[in-house]
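To start, I am sharing the structure in question, which I have written as structure tokens.
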Amino acid sequence: SSMLSCLRLCPLAALVDPAMAVVVPAQSLFVSEPSPHMFGNAENEKKPTWTNGNWLKSRFHFSFAEYRDSRRSSFGVLRVMNDDLVQPARGFGTHPHRDMEIVTYIVSGNLSHKDSMGTQETLGRGSVQFMTAGTGVRHSEHNHDPEKPLRFIQMWLMPSRSGLKPNYGGREPAAPAERDGRWAHLAMPVSSQCTPDKPVPINCDANIYAAEIQPGAALDFQVEAGRQVYVLCVEGSAKLGGLGAGALERHDAVQVAGPGVLSFSDAKPVASTEIREPEPGCHLLVVEMSQK
């Protein structure tokens with residue numbers, strides 16, 4: 001009876017466990033396939049090396065460009081997570097950014113970056129490109145490979161303050177197996193002790209991790225009190241446990257607040273028509289941040 005009276009009298013928020021995980025299914029993501037002319041590309045081509053009809057297929061986790069949804073405007077300091085598939089010899093022509101921390105995680109293929117600070121770099125799978133847009137920067141991003149598609153995850157995080165000096169950096173995997181069955185620390189707050197072989201520095205209270213779980217294996221992620229995580233299943237699939245329940249498959253995400261453990265088990269590969277390379281049992285990307 002006390003539960004019934006609570007149902008009658010308590011606001012809904014009081015009945016929702018703040019630590020309960022919310023799964024974001026791939027099917028719910030907005031898919032954008034803009035005209036090739038928008039970023040200075042040639043017409044789309046029908047080639048056996050292309051894995052999608054349009055030069056770009058972008059899955060938006062939050063409101064971006066033509067997609068507007070007040071329920072999915074951001075998660076903590078994470079303002080944008082775009083899962084981009086770029087076909088061979090295509091890319092984003094020079095365009096501006098300002099007052100945003102931009103972190104790009106390369107999943108497959110090679111991403112070439114060029115910017116107004118004079119930086120030019122090409123990085124491959126498991127690498128990270130980061131940019132403090134600050135007072136303003138212009139850059140381009142291309143897949144120059146004539147045969148292989150490129151897939152990358154681009155995250156925009158809100159900086160601790162505006163008007164920062166623009167900055168660019170890249171990080172390649174510190175070791176071939178740095179993500180194998182463990183969390184590789186890819187990005188950390190700039191106030192931490194960052195060195196070239198450590199995570200890249202970002203101007204906000206957030207950390208980014210990645211891990212690959214071999215088929216059948218499991219891995220846990222500890223979410224501390226006062227912290228929250230947004231986890232993307234980059235490749236493969238896994239069952240959720242601990243703070244979460246259900247399962248994740250490629251392109252699905254889960255968001256959860258601490259404290260507690262989020263566990264991933266029974267990892268299995270999932271075939272893809274968009275990227276034709278073998279993949280691990282489960283490949284995960286975690287953005288960990290303050291709940292404030």
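Could you do me a favour and compute the accessible area per residue for the range 101-166, 1.4 Å probe, result in Å²? Can you show the working numbers first?
On the way: 2520 Å² over 66 residues.
Accessible surface, normalised per residue, equals 38 Å².
Provide Rg over Rh for the range 35-86; use the alpha carbon set for both Rg and the Kirkwood Rh (inverse mean inverse pair distance).
Details: Rg = 13.9 Å, Rh = 12.8 Å.
Computed over Cα atoms, the ratio is 1.09.
Within the chain, what's the longest run with no GluC sites (Glu not before Pro) in a DSSP loop and at most 15 other beta-carbon atoms within 10 Å? Give the range, please. Numbers along the way, then the final one.
Working: sites that count: 43, 45, 66, 147, 224, 274.
The segment 67-146 is the longest one with no such site.
Let's test this: bin the Cα-Cα distances of the range 20-130 at 5 Å from zero up to the farthest pair and state each bin's percent.
2, 9, 16, 22, 22, 17, 7, 3, 1, 0
For the chain, set up a GNM with springs between Cα atoms under 10 Å and report which of 69, 180, 145 has the largest fluctuation.
69
Right, another one. Dipole of the range 247-292, Cα-centred, from +1 at each Lys and Arg C-beta and -1 at each Asp and Glu C-beta, to the nearest 20 debye? Could the numbers behind the result be given before it?
Numbers: 4 positive and 7 negative charges, 27 e Å.
I would put it at about 140 debye.
Efficiency by 1/(1 + (r/R0)^6): what FRET value for residue 22 and residue 177, r their Cβ-Cβ distance, R0 = 25 Å, to the nearest 0.05? It would help to have the intermediate numbers written out before the result.
Working: r = 32 Å, r/R0 = 1.27.
My answer for the efficiency is 0.20.
Turning to a different aspect of this structure: By the gyration tensor of its Cα atoms, with a ≥ b ≥ c the square roots of the eigenvalues, what is the shape of the range 92-140: rounded for a/c under 1.5, prolate for a/b over b/c, or oblate?
Working: a/c = 2.30, a/b = 1.61, b/c = 1.43.
Cα axes put the range 92-140 in the prolate bin.
May I pose another question? What is the distance, in nm, between label points placed 7 Å from the Cα along the Cα-to-Cβ direction at residue 273 and at residue 49?
Going from the residue 273 label point to the residue 49 one covers 2.1 nm.
On the first, second and third principal axes, largest extent first, how far apart are the outermost C-alpha atoms of the range 99-224 in Å?
Here the spans come out as 46, 43, 21 Å, largest first.
Note down the Stokes-Einstein diffusion coefficient of the chain in µm²/s, whole number, using a Kirkwood radius over alpha carbon pairs, 10 °C, and 1.306 mPa s. Display every interim value, and only then the final one.
On the way: Rh = 19.8 Å.
The diffusion coefficient I find is 80 µm²/s.
For the chain, what does the helix formula give at 222 nm: sum of -39500 (n - 2.57) over DSSP H segments with n ≥ 4, over the residue count, nearest 500 deg cm²/dmol? Present the calculation step by step, with values, prior to reporting the outcome.
Values: 2 runs with 12 residues, N = 292.
It comes out at -1000 deg cm²/dmol, rounded to the nearest 500.
So how much slack lies between residue 65 and residue 165, counting 0.36 nm per residue of separation and subtracting their Cα-Cα distance, in nm? All intermediate terms of the calculation are to be shown ahead of the outcome.
Details: separation 100, 0.36 × 100 = 36.00 nm, distance 2.52 nm.
33.5 nm is the gain from fully extending residue 65 to residue 165.
Among 116, 271, 242, whose Cα projects farthest towards the positive end of the dipole of the chain, with charges put on the beta-carbon of Lys, Arg (+1) and Asp, Glu (-1)?
116
Turning to a different aspect of this structure: With label points built 7 Å along Cα→Cβ from the Cα atoms of residue 222 and residue 74, find their separation and express it in nm.
2.9 nm
Filter the cross-link list 46/114; 114/165; 57/148 down to pairs whose alpha-carbon distance in this structure exceeds 20 Å.
On the way: 46/114 28 Å; 114/165 17 Å; 57/148 15 Å.
Correct reply: 46/114.
Give a quick list of trypsin sites (Lys or Arg not before Pro) in the range 24-80 that DSSP marks as loop, anything other than H, G, I, E or B, with at most 12 other Cβ atoms within 10 Å.
On the way: sites: 46, 57, 59, 68, 71, 72, 79; in loops: 46, 68.
Within the range 24-80, the qualifying trypsin sites (Lys or Arg not before Pro) (loop, at most 12 other Cβ atoms within 10 Å) are 46, 68.
Could you put 188, 20 in order of accessible surface area, largest first, with the 1.4 Å probe and the full protein assembly present? Walk me through the intermediate numbers first.
Working: 188 30, 20 115 Å².
The residues order as 20, 188, largest area first.
The values are calculated or read from the model by the stated rules, or taken from the named source; none is laboratory data. As the structure is a prediction and not an experimental result, all values here were calculated from the model. A quick note on method: Cβ atoms are made from the backbone with ideal geometry, for glycine too, and the neighbour counts reach across all protein chains shown. Side chains are part of the model used for accessible areas, which takes the heavy atoms of the whole protein and leaves out ligands, DNA and RNA. Shrake-Rupley method; radii C 1.70, N 1.55, O 1.52, S 1.80 Å.
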